[in-house]
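The values are calculated or read from the model by the stated rules, or taken from the named source; none is laboratory data. Everything numeric in this text was worked out from a predicted model, so none of it was measured. Neighbour counts are summed over all protein chains in view; Cβ atoms, including those assigned to glycine, are modelled from backbone coordinates with ideal geometry. Just so you know, the surface numbers come from the protein's heavy atoms only, side chains and all, with ligands and any DNA or RNA stripped out. Shrake-Rupley method; radii C 1.70, N 1.55, O 1.52, S 1.80 Å.
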Amino acid sequence: MTLTIPALRARRTRPRKRGRLTVRCALGLLGLAACAALFAPVLAPHSPDATSLSASLAPPGTSGYWLGADSTGRDVLSRLLYGARLSLLAPLGVVLLSGVLGTALGLLAARAGGWADAVVSRSMDVVFAFPSLLLAMLVVAVAGPGLLAPICALAVSYTPFIGRIVRGAALQEGARPYVEAYRVMGFGELTVTLRHLLPNIAPLLAAQSALGFGYALVDLASLSYLGLGVQPPNADWGSMINQARGAILQGSPWSAIVPGVAVLLTVVSVNVLGEHISASVARRQEVKG
């Protein structure tokens, strides 16, 4: 069967439209999560720590408990909204710290070269070989449960991912003619790196940071589920799943399903956004090349 030119064009545009729709849905879900975290005091129908034994394990749709209640009668919706704050801010802290460290080390290795490149690269290889979640658990074992220690440990673990990508991109950009042209014009190495080279690799850094956010969210939720992260009475999505284990055995799984779905949708949305940014960067590099 022979296809006409308009039919071929329609077939080519369908995947692009589906991709744009997927990205828009991902942005919408992330926007909802951000709004939930920002406006939790306004949106939450109850205090996240308010208990009511009469509402213990109330199913979704119960009057006053739209998403049900946990084993102590705390409103799942309210805890979900308040838990979004720590669940989103903690991974953001990991991404920011690892981004700053990884970018600094990657640029240093690429622009200095020689022994500095060798030392930085071998150091990142050593950290890269150590599992991030295991390192966080070891740090928590020394510093005690909480949120600050896992954030710092995961930031160190994620630094090699950013550092390697920044180093490779900086080496590629550093070989382009415009860098040498700025040197000939009398610009210093630091000025060329920060003002001209770094902005050109920023989209690639943003793509990796988006993917790292999803990994950090899962790792921190796992630590909270194990009781090594956020401590009661504070709530995040991982600790909510941990506290709902007894309810699952009693045949009331919704208090665990709701935060689990929140983690799933947020991670998938962030990964979709990261893949979209990566594809955009790849197309840009093809055009530039």
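Each residue in segment 154-213 was checked for being of a type in the set (Ser, Thr, Tyr) and closer than 21 Å to residue 93 by Cα, and 4 of them qualify. So is residue 105 touching a Ser or Thr at 6+ places or on another chain (Cβ under 9 Å), surrounded by 15 or more Cβ atoms within 10 Å (Cβ to Cβ) and in a helix (DSSP H, G or I) or not? Spelling it out, residue 105 is indeed touching a Ser or Thr at 6+ places or on another chain (Cβ under 9 Å), surrounded by 15 or more Cβ atoms within 10 Å (Cβ to Cβ) and in a helix (DSSP H, G or I). Remark: residue 248 matches the filter, which requires a residue to be more than 18 Å from the chain's Cα centre (by Cα) and open to solvent by 40 Å² or more (accessible area, probe 1.4 Å). Restricting attention to segment 35-56, the residues being under 16 Å from residue 235 (Cα atoms) and of a type in the set (Gly, Ala, Ser) number 6. Against the numbered list (1) under 23 Å from the mean Cα position of the chain (by Cα); (2) closer than 29 Å to residue 165 by Cβ; (3) surrounded by 23 or more Cβ atoms within 10 Å (Cβ to Cβ), residue 97 comes up short only at (3). Only one entry of 205, 211, 220 meets the criterion of being of a type in the set (A, V, I, L, M) and out of contact with any helix residue (DSSP H, G or I) (no Cβ under 6 Å at 6 or more places or on another chain), and that entry is 205. Restricting 21, 32, 38, 105 to those that are in contact (Cβ under 8 Å) with a residue 12 or more places away in the chain and among the hydrophobic types (A, V, I, L, M, F, W, C) reduces the list to 105.
Residues in segment 3-50 that are at pLDDT 90 or above, part of a loop (DSSP other than H, G, I, E, B) and open to solvent by 80 Å² or more (accessible area, probe 1.4 Å): 39 alone. Looking across segment 126-178, the residues that are touching a residue at least 24 places away in the same chain (Cβ under 8 Å) and among the aromatic types (Phe, Trp, Tyr) come down to 128, 130, 158, 161. Listed here are the helices (runs of 4 or more DSSP H) enclosed by segment 136-240 that have at least 3 residues being open to solvent by 20 Å² or more (accessible area, probe 1.4 Å), of a type outside the set (Phe, Trp, Tyr) and closer than 21 Å to residue 117 by Cα: 148-174, 189-192, 198-225. Whenever a residue of segment 225-248 is touching a residue at least 12 places away in the same chain (Cβ under 8 Å) and closer than 15 Å to residue 51 by Cα, its partners that are open to solvent by 10 Å² or more (accessible area, probe 1.4 Å) and β-branched (Val, Ile, Thr), lying with C-beta atoms within less than 8 angstrom and at least six residues away or across chains, give the pairs 240/258. The single condition from (1) of a type in the set (A, V, I, L, M); (2) touching a Gly at 6+ places or on another chain (Cβ under 7 Å); (3) crowded, with 16+ Cβ neighbours inside 10 Å that residue 53 fails is (3). The set of residues in segment 74-102 that are over 20 Å from residue 266 (Cα atoms), out of contact with any strand residue (DSSP E or B) (no Cβ under 6 Å at 6 or more places or on another chain), without any contact (Cβ under 8 Å) to a residue 40 or more places away in the chain and not in a loop (DSSP other than H, G, I, E, B) contains only 100.
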